[in-house]
Amino acid sequence: MLVGLMADSHDRIPAIADLLRQMQARGAAMVLHAGDYVSPLALKPFEDLHMTLAGVFGSNDGDPNSLTSRAGAGIGLEIFEGPHSFDVAGKQILLVHDIGDVSKRSIESHAVVVHGFTHQQSMKTQGSTLLVNPGESCGWLHGTPGAGLLDLDTMKVEFLALSDPKWKF
């Protein structure tokens, strides 16, 4: 099963939509989002492209009630308080915005931890746990919107980037 990974989208709706289209073209039907949508408008590309979303709130989500309401109005969109633990395709996944909010014991009890906050793509293992930060989907800090794809069968991650000059600001 192929799952999209996003974080720190910060309302850059065209970048969110392009990244989602790349994910769909590769076969992902679900996205795990590690927070910082900023406003409910960031959910529109998920609705338009019929992408399932499981996410958590981030540190810059100014109106969680509106995000929750917008997500609840769609089909297959859910946003939780983080950290949030759940099972996808038989793998225990922990979704959190800031990895600093999670204890070592909690990390070790999951197969995958998806986090954001730093706006930097990274992947490492801690014991048998895969820790992934898909980077910033907005590209505001580092100039390149990015995301990731996780193959839950092989536990391999591929990072995506929107490198066309139109994404530079």
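Taking the listed residues Val96, Val102, the one that is of a type in the set (A, V, I, L, M) and in contact (Cβ under 8 Å) with a residue 60 or more places away in the chain is Val96, with no other qualifying.
For the stretch 1-29, a residue qualifies if it is surrounded by fewer than 23 Cβ atoms within 10 Å (Cβ to Cβ), charged (D, E, K, R) and more than 22 Å from Lys91 (Cα to Cα), and the qualifying residues are Asp11, Arg12, Asp18, Arg21. In a residue-by-residue description of the stretch 30-40, the property of being surrounded by fewer than 23 Cβ atoms within 10 Å (Cβ to Cβ), part of a helix (DSSP H, G or I) and touching a helix residue (DSSP H, G or I) at 6+ places or on another chain (Cβ under 6 Å) applies to at least one position. Within the stretch 41-57, the set of residues being within 20 Å of Val88 (Cβ to Cβ), crowded, with 22+ Cβ neighbours inside 10 Å and either modelled with pLDDT under 95 or among the small types (Gly, Ala, Ser) (or both) comprises just one member, Gly55. Applying the set (1) small (Gly, Ala, Ser); (2) closer than 16 Å to Leu32 by Cβ; (3) touching a Pro at 6+ places or on another chain (Cβ under 9 Å); (4) not in a loop (DSSP other than H, G, I, E, B) to Ser85 leaves exactly one unmet item: (3). For the stretch 42-71, filtering for residues that are in contact with an Asp or Glu (Cβ under 8 Å, 6 or more places away or on another chain) and either more than 19 Å from Gln24 (Cα to Cα) or assigned to a helix (DSSP H, G or I) (or both) leaves 9. Return yes or no: is Ile79 farther than 22 Å from Ala161 by Cα, crowded, with 21+ Cβ neighbours inside 10 Å and touching a helix residue (DSSP H, G or I) at 6+ places or on another chain (Cβ under 6 Å)? Spelling it out, Ile79 is indeed farther than 22 Å from Ala161 by Cα, crowded, with 21+ Cβ neighbours inside 10 Å and touching a helix residue (DSSP H, G or I) at 6+ places or on another chain (Cβ under 6 Å).
Of everything in the stretch 119-161, what is within 14 Å of His10 (Cβ to Cβ), modelled with pLDDT of 95 or more and touching a strand residue (DSSP E or B) at 6+ places or on another chain (Cβ under 8 Å)? Give them in sequence order. Once the filter is applied, which keeps residues that are within 14 Å of His10 (Cβ to Cβ), modelled with pLDDT of 95 or more and touching a strand residue (DSSP E or B) at 6+ places or on another chain (Cβ under 8 Å), the stretch 119-161 yields Pro134, Gly135, Glu136, Ser137, Pro145, Gly146, Ala147. Look at (1) β-branched (Val, Ile, Thr); (2) within 20 Å of Ile16 (Cβ to Cβ); (3) in a strand (DSSP E or B) and you find that Val113 fails only one, number (2).
The values are calculated or read from the model by the stated rules, or taken from the named source; none is laboratory data. The shown structure was predicted, so the numbers you read here are calculated from the model rather than taken from an experiment. For neighbour counting, all protein chains shown are included, and Cβ atoms are generated from backbone atoms with ideal geometry for every residue, glycine included.
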